[in-house]
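The values are calculated or read from the model by the stated rules, or taken from the named source; none is laboratory data. All figures in this text were calculated on a predicted structure; none of them were measured in a lab. Here the Cβ positions follow ideal geometry from the backbone for every residue, glycine too, while neighbour counts run over all protein chains shown. With ligands, DNA and RNA removed, areas are computed over all heavy atoms of the protein, side chains included. Shrake-Rupley method; radii C 1.70, N 1.55, O 1.52, S 1.80 Å.
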Amino acid sequence: MPERLRRPLRSPSFRRLVLGKSISYLGDWLMVAVLVGWVYQSTSSVAQVALLMVIRLVPPIIGGGLAASVVDRLPRKRVLVWSEIASAATIAGALAAVMAGSRPAVFALVGLCGLVSMISTVAGNALIPMVVDQAELPAANGIHAVGQEAAMALGAVAGGLTLTLGGAPAGLAANLASYGIAVVLFSCIRVEEVEATNIRSRSGLVDGLRYVLAHRALTVVVGGFGLATLATGLVNATLPKFTSGLGLGASGYGWALAALACGMIAGEALTGAIADRIEPRWLAAGLAGMGALFFAFAWSGSAVVALAFLVAFGVANGFTEVVMMTAIHQQAEATHQGRVFGVGSTLWRTTMLGAVALAPVVDAVASPAEAITVAAVVLFVGAVLVQLTLRPSPRLATATA
């Protein structure tokens, strides 16, 4: 392992944070995969599966707003621990509902879990600078992101096996256990008491939005990443039809997600290992690379070549995620990072949900390749806006020279 990646791992608190979040994410993805299969097996309805996915997407938008209100007001470790406990409580209820055969109760409790787990996500993101040195943030964010992507990939595979061997109750029980392990790990995190008391302040989504808009770099980073989630949401909804057209059949979507996850893990790890600093304007390069690779992916014409381009896209996407996370940590004051991540999470979930809702309209007037090209154009526009907005002024460059 490169020395730059080893440094943040020397912090026991960071190791516990990353391991706990990875295990928690693994349980979440396993549960989603199991519930999708359970709903389809019991109803044979694509509409019911779509409803489950909407329920998973919408509540975290509200959760981002709540996170902006509490993460900066209370000690972040306490918020992290109690939000995981609350998530576990909702899944315990969902497990009972599955055993009782009450699908509406399962949907309601899974939606509530999505809301509460977003608070945990924001608290975890805001806690990272409190457990590693400032110079280690690029590597720490890279490691943290790799854990999430690995959890997504493993959770999807484990979900299928769990549904086959133990059914939906086993999947929910596994997720419940993952929350329990995460709570134990998070409880052992050590945060300097002076830092914990300094983050108590007035907070809220509106206050966070004002703060983001008052800082140009934060506005550009949060908004630019919003364009990235808009583009990827549109492509994600188009992928099943596109990959089927390439001859990959019903399993094409799974192959595409696996290729994307592998690329993102590589991009996040490489960025953390190589970058000794992060500049917000690097987001332009990430968005431009994502746009170019989406364009190449759209018109590849071959399943193997398309998957190769999707792996490369994942690398660019992983780089962009690490830049976004580190830029927020570096540009936002410690007292406002919870609000910034709360605002960002709300925006990013909203744009992704909007793209999914827009996908049928685009599909009615354009081919899958043309829809993916539209997403590439959105990314190019974002890259241009970031570059123009965060470009160093000639006066500043001359003064520095």
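Just to make sure I understand: if all protein chains stay in place, what is the order of Trp282, Trp29, Trp38 by accessible area at 1.4 Å, largest first?
On the way: Trp282 75, Trp29 105, Trp38 45 Å².
Ranked list, largest accessible area first: Trp29, Trp282, Trp38.
For the pair Ala369 and Thr219 in one chain, pulling the backbone fully straight at 0.36 nm per residue adds 50.9 nm over the alpha carbon distance. For the options Glu370, Glu321, Glu268, a Gaussian network treatment of the chain with springs between C-alpha atoms closer than 10 Å singles out Glu370 as fluctuating the most. Compared with the alpha-carbon gap, the fully stretched path from Leu165 to Arg6 is longer by 53.5 nm at 0.36 nm per residue.
With a Förster radius of 30 Å applied to the C-beta separation of Leu270 and Val361, the computed FRET efficiency comes to 0.25. Once all protein chains are placed together, Trp348 keeps about 30 Å² accessible to a 1.4 angstrom probe.
Ile61 contributes about 40 Å² of solvent-accessible surface, heavy atoms of the protein only, 1.4 Å probe. Phi angles across the stretch 112-129 convert, under the Karplus curve 6.51 cos²θ - 1.76 cosθ + 1.60 with θ = phi - 60°, into 3J(HN,Hα) values of 5, 4, x, 5, 5, 5, 5, 4, 4, 4, 5, 4, x, 4, 6, 7, 3, x Hz, Gly and Pro given as x.
Listed values [x] 22.9; [y] 22.1; [z] 21.5 include one computed from this model; for Kirkwood radius over Cα pairs in Å that value carries the label [z]. Take the Cα of Val377, step 7 Å toward its Cβ, do the same at Ser102, and the gap between the two points is 4.9 nm. In this simple spin-label approximation, Ala177 and Ala92 carry label points 7 Å from Cα along the Cα→Cβ vector, and these lie 1.7 nm apart. Using just its DSSP H runs of length 4 or more, each adding -39500 (n - 2.57), the chain gives a mean residue ellipticity at 222 nm of -29000 deg cm²/dmol after division by all residues.
Near Gly111, once Lys and Arg are set to +1 and Asp and Glu to -1 for all other residues with Cβ below 15 Å from its Cβ, the sum equals +2.
Take the stretch 276-401 with all the other protein chains still there, run a 1.4 Å probe, and you get 44 Å² of accessible area per residue. Of the candidates Val54, Val110, Val374, which one comes out as most mobile in a Gaussian network treatment of the chain with C-alpha springs shorter than 10 Å? Answer for the Gaussian network model of the chain: Val54. In the context of the full set of protein chains, residues of the stretch 1-86 present 45 Å² of accessible surface per residue (probe radius 1.4 Å, heavy atoms only). Between Asp133 and Arg277, the contour length at 0.36 nm per residue exceeds the Cα-Cα span by 50.6 nm.
Can you check what the net charge comes to around Ala135, using other residues whose Cβ is under 14 Å from the Cβ of Ala135 (Lys, Arg +1; Asp, Glu -1)? Mind showing how you got there, number by number?
Numbers: positive: Arg4, Arg6, Arg7, Arg10, Arg277; negative: Glu3, Asp133, Glu136, Asp276.
Taking every other residue near Ala135 into account, the sum is +1.
The solvent-accessible area of Ser83, taken with every protein chain present and a 1.4 Å probe, is close to 10 Å².
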